[in-house]
Amino acid sequence: MSEDLTKTLHPSDSKKLTFILSRLDKIEETLEERLYDTRPIWQKVTADIGQLQGTFDQLQKGQEAVRSDCEEIKMSVRDIYGSFEVLTEAIVGTQVRNRDLERRVKALESNSNPPNSQT
């Protein structure tokens, strides 16, 4: 392709036109051959892009489901923390009442059994 093709042109116009047309035909043939070579590649690329788009759509749906599940889990954890808070308050209240009862029992025991001073 580096040679100057204009040097090989013939002086007559019809010969020039014939030469140009023959060169154009050769270029078209070469182009057509290359199209056949690359057409399967482009078909595969197009199919792969379609498959990737389908996979991407599935991933997006999966992410949406995970986000929804995360929100449900967060709500459940909040409910559990609330239940623990109520349970903790009940335990603390029970411990307070238990200590109060122990003090009252000790007071009753000390009042009903005075120390024996005669022995």
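All of the numbers you see were taken from the coordinates with simple rules; none came from a lab. Remember, it's a predicted structure, so these values are computed and weren't measured experimentally. FYI the Cβ positions are ideal-geometry reconstructions off the backbone, even for glycines, and counts take in every protein chain you see.
Computed FRET efficiency, Cβ-Cβ of residue 16 and residue 47, R0 41 Å: what is it to the nearest 0.05? In this case the efficiency is close to 0.35.
Roughly how large, in nm² to one decimal, is the mean projection of the convex hull of the alpha-carbon atoms in segment 12-111?
Reported value for the Cα convex hull: 12.3 nm².
Lysine pairs in segment 11-75 whose alpha-carbon atoms fall under 28 angstrom of each other, counting only those eight or more residues apart or on distinct chains, come to 4. For the chain, the Cβ-based charge dipole about the Cα centre amounts to some 520 debye (Lys, Arg positive; Asp, Glu negative; other atoms uncharged). The angle between the Cα long axis of helix 13-112 and the longest principal axis of the Cα atoms of the chain comes to about 0 degrees, rounded to the nearest 10. Per-residue ellipticity at 222 nm computed for the chain from its helices equals -32500 deg cm²/dmol, with DSSP H segments shorter than 4 residues left out and the rest contributing -39,500 (n - 2.57).
Each of 81, 30, 65 was placed along the dipole of segment 12-111 (beta-carbon charges, centred on the mean Cα), and the one lying farthest toward the positive end is 81.
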